[in-house]
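Below is one structure, written out as structure tokens; the observations come after it.
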Amino acid sequence: MKIVLLGKPLSGKGTQAQVLSRTLKIPLISVGELLRKEIAKKSSLGRKAAPYTLQGRLVPDFLILPLVKKHLTKKSFILDGFPRDLAQAQALEKIISLDFVIGISCSNILIRKRILARRSCERCGKIYGLDVHPKKKNTCSCGGKLMRRKDDIPYTVYKRLAVYQKQSTPLISFYKKKRIYYKVSGDKDTSSVSQDILRIVS
Ligand code: AMP
């Protein structure tokens, strides 16, 4: 099964991608997470990508496409954070055909509340937020330390929202035309959203 999750920043797509990957036992490819790892390693790609992520802009395709191609398995995957615009969708189409594109809608009011709450594990990447709390303060279930993403500051989130609106929303009609687009409401709690998504893909 090949699934893409679409949604505004902080709509919950990263969290849902992790839940779906665990539940369906399908590999998760989170492009933002792959970039953050490259940035942490200070690799050549990481050094080039960092300024874009800090400014909330899309990293150019000549850096992104080889990264995605390297991690795409031909069988099953959950893809989070790709495609981000029509050019990326067309590039993806040349490699693979998708089964489901799930769009997670979310109100801007909730996104504003989530900005300050989101933390992720520096070791395994697990995401915590308004309704997913760690058992031990600032510590992931794997024992890793919880960190705030550098691009989760209001100014950068608003920039990322504007980029989403302009560059990513055309993907909705692109995938609707292909009849593989399904919308769920991300304004509910995490497990209700997961159940809605699972109903669609199963
Ligand atoms: P995310 O973790 O999906 O919120 O992505 C964090 C940041 O990584 C984005 O704001 C972009 O700067 C960059 N990024 C992630 N996915 C892509 C992509 N498909 N194309 C370009 N830039 C991306």
Can you tell me which residue among R179, R149 is farther than 25 Å from L54 by Cβ and of a type outside the set (G, A, S)? R179
Quick check on my filter: what residues within region 174-198 are over 22 Å from S107 (Cα atoms) and surrounded by fewer than 14 Cβ atoms within 10 Å (Cβ to Cβ)? K177, K178, R179
Among the residues of region 65-91, how many are closer than 17 Å to M1 by Cα, more than 10 Å from the ligand (Cβ to nearest atom) and of a type outside the set (K, R)? 6
Residues that are in contact with a strand residue (DSSP E or B) (Cβ under 7 Å, 6 or more places away or on another chain), surrounded by fewer than 16 Cβ atoms within 10 Å (Cβ to Cβ) and touching a residue at least 24 places away in the same chain (Cβ under 8 Å): does region 109-129 have at least one? yes
Tell me, please, whether a residue that is more than 14 Å from the ligand (Cβ to nearest atom), of a type in the set (D, E), under 21 Å from K183 (Cβ atoms) and over 15 Å from the mean Cα position of the chain (by Cα) can be found in region 93-102. yes
Among strands (runs of 3 or more DSSP E) completely within region 1-80, the ones holding 1 or more residues that are without any contact (Cβ under 8 Å) to a residue 60 or more places away in the chain and touching a strand residue (DSSP E or B) at 6+ places or on another chain (Cβ under 9 Å) are 28-30
For S11, work out the one condition from (1) surrounded by fewer than 19 Cβ atoms within 10 Å (Cβ to Cβ); (2) touching a Cys at 6+ places or on another chain (Cβ under 7 Å) it doesn't fulfil. (1)
I'm told K48 meets every condition in (1) within 12 Å of the ligand (Cβ to nearest atom); (2) under 18 Å from I102 (Cα atoms) except one. Can you identify the failing condition by its number? (2)
Condition check for F62: out of contact with any helix residue (DSSP H, G or I) (no Cβ under 6 Å at 6 or more places or on another chain), aromatic (F, W, Y) and within 14 Å of the ligand (Cβ to nearest atom): yes
Taking region 149-168 on its own, how many of its residues are touching a strand residue (DSSP E or B) at 6+ places or on another chain (Cβ under 9 Å) and at pLDDT 95 or above? 2
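The values are calculated or read from the model by the stated rules, or taken from the named source; none is laboratory data. For clarity, every value in this text was computed on a predicted model and none was experimentally measured. Please note: Cβ atoms are built from the backbone with ideal geometry, for glycine as well, and neighbour counts cover all protein chains shown.
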